[in-house]
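Asker: Below is one structure. I have some questions about it.
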Amino acid sequence: ILLCGGALAHAQTTKILFIGNSYTAYNNLPSLVKNVAWSAGDTFLVQSHTPGGSRFLSHAGNPQVYDLIRSENWDYVVLQGQSQEPSWPDGQVASDVFPYAKQLCDSIRSINSCTVPLFYMTWGRKNGDAQNCANWPPVCTYKGMDSILYSNYQKMGDNNGGEVSPVGAVWNYLRLNSPALELYSADQSHPSLKGSIAAAFTFYSAISRKDPSLITYSTSISAVERDSIISAVNAVFYRNQSTYNSGINDANSAFSVEKEGCEFSVEGLPSNETYRWNFGDGATSTTQNASHSYSQSGNYTIRLIVTKCSLSDTTEVKVSCGLGRIKAQGEDDVLVYPNPNRGVFYISSEYTLVSVTNLSGQKLKTLQLGNSSFQVEDNADGIVFVELENNLGLRVVQKITLE
């Protein structure tokens, strides 16, 4: 097999600013992320600000940080706190960590509303935090310290509308499943080169939202080690992207319909920049909270196209005018169960199965086991979308997880 340089087609450049400290600087993590992305066919532009020991507080009070945020139209700004601070006692984290993480996120959005804050979830020290153990026993062990870091980085993402790159969770998976892979440097705190490579694989998948198996990077790791890291990123992040708020800031056109007779209105539409409604009878609108009255009974398709930060998203919902209240995509009815499942699922009796597709849009083969039970035959796992249709022609899509 002959390989030629430049064979991969690289897409539009993704711009990433890393704000952190020595955990980011060790082994030049930003450069590793760029090289890992290149190996998978993507182009990342990276820059970093990583003074040793820096906390969220010190970043939030540093004018240089804001100058860097203003210096480019960043797609992501990565935020990493000092390695111990998110694992401090709850009250101390509430007063000395969370407010400064919020200040940074608010500042990022005030400078560029399209830039996504991405929290760098770090890891527990190899044998716990000996420095703080006496005064805060929960961090005396790796497991205790790591679990607090996980929880508080998740909270920072959730509370600030940020996404999370779960490097610490990937490390935990590797510690359990690939114990021969040494992730720590000699100080049992900072990452080894392989630990930083595991972080880079995680960041690539978190930013691109692509399958980590696309990564071909092989510098300083064996094929077995690379496959172990890819499996970890796949299990922790790629199959569970919503857990880490992946895509939370994207254009989102999902909506619910309330209808009485032929009067239609929208509920719960997310915030976007532009809205283009087509109600299926020639009428249109560009308002966020649209409403419409149909002049004749019948079946109509309502289409909404939204844009946000140069991205678009489209949702179509079929409604039947004059037939009372219609429940449409985005509502909370459980029509597919159990969720998650192992490939066998049931659907609500008033619906028929249209299709099952994976995240790539590929339709999966299904076997009907009974009147309302089905089995996915392609040994699929992860997130899939089940499309259903009722006797009025209304189609809904529900997301389920196959284990």
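Each reported figure results from applying straightforward, stated rules to the coordinates on display, with no laboratory input. This is a predicted model, so every value here is computed, not measured. For neighbour counting, all protein chains shown are included, and Cβ atoms are generated from backbone atoms with ideal geometry for every residue, glycine included.
Asker: Once both labels are modelled 7 Å past Cα along the beta-carbon direction, what's the residue 126-residue 355 spacing in nm?
Answerer: Calculated label separation equals 5.1 nm.
Asker: Determine the alpha carbon to alpha carbon distance for each of 308/399; 318/399; 194/308; 365/399; 15/102 and list only those over 28 Å.
Answerer: From 308/399; 318/399; 194/308; 365/399; 15/102, over 28 Å: 194/308.
Asker: Full-extension gain between residue 43 and residue 295, please, as 0.36 nm times their residue separation minus the C-alpha to C-alpha distance.
Answerer: Length difference between fully extended and current span is 85.6 nm.
Asker: To the nearest 500 deg cm²/dmol, what mean residue ellipticity at 222 nm is calculated for the chain from DSSP H runs of n ≥ 4 alone, each contributing -39,500 (n - 2.57), summed and divided by the residues?
Answerer: Per the formula, -8000 deg cm²/dmol.
Asker: Once Rh is set to the Kirkwood radius over Cα pairs, what Stokes-Einstein translational diffusion coefficient, in µm²/s, holds for segment 230-319 at a temperature of 20 °C and a viscosity of 1.002 mPa s?
Answerer: Result for D is 145 µm²/s.
Asker: For the ranges 132-139, 34-41, what's the packing order if you count other beta-carbon atoms within 10 Å of each residue, average per peptide, and put the highest first?
Answerer: The most tightly packed comes first, giving 34-41, 132-139.
Asker: Over segment 333-403, what portion of Cα pair distances is larger than 22 Å, expressed as a whole percent?
Answerer: Summing the P(r) of segment 333-403 above 22 Å gives 11 percent of all pairs.
Asker: Here's a follow-up. Could you work out the Rg to Rh ratio of segment 201-275, with Rh taken as the Kirkwood radius (inverse of the mean 1/r over all Cα pairs)?
Answerer: Using only Cα positions, Rg/Rh for segment 201-275 is 1.27.
Asker: Now for a separate question. Which value, to two decimals, describes the C-alpha radius of gyration of segment 20-85 once divided by 2.2 N^0.38 Å?
Answerer: 1.17
Asker: Could you rank the peptides 19-25, 97-103, 86-92 by their average count of other C-beta atoms within 10 Å per residue, with the highest value first?
Answerer: 19-25, 97-103, 86-92
Asker: Another question, if that's okay. As an exercise, find the ratio Rg/Rh for segment 165-226 from alpha-carbon atoms, using the Kirkwood inverse-distance average for Rh.
Answerer: 0.94
Asker: Next question, about the same structure. State the volume of the convex hull built on the alpha-carbon positions of the chain, expressed per residue in Å³ and rounded to an integer.
Answerer: Measuring per residue, one finds 171 Å³ for the Cα hull of the chain.
Asker: Going Cα to Cα from residue 34, which aspartates and glutamates come in below 15 Å? Please leave out same-chain ones fewer than 8 positions away.
Answerer: 42, 75
Asker: Pairwise over distinct Cα atoms, reciprocal of the mean inverse distance: report the Kirkwood radius of segment 37-169 in Å, one decimal place.
Answerer: For segment 37-169, inverting the mean 1/r across all distinct Cα pairs yields 15.5 Å.
Asker: Sorted by mean Cβ packing within 10 Å, highest first, what order do the peptides 237-249, 218-230, 117-129 take?
Answerer: Packing proxy ranking, top to bottom: 117-129, 237-249, 218-230.
Asker: Give the shape of segment 14-244 as rounded, prolate or oblate, defined through the alpha-carbon gyration tensor: a ≥ b ≥ c are the square roots of its eigenvalues, a/c under 1.5 means rounded, and otherwise the shape is prolate if a/b is larger than b/c and oblate if not.
Answerer: Judged from the Cα gyration tensor, segment 14-244 comes out oblate (a/c at least 1.5, b/c at or above a/b).
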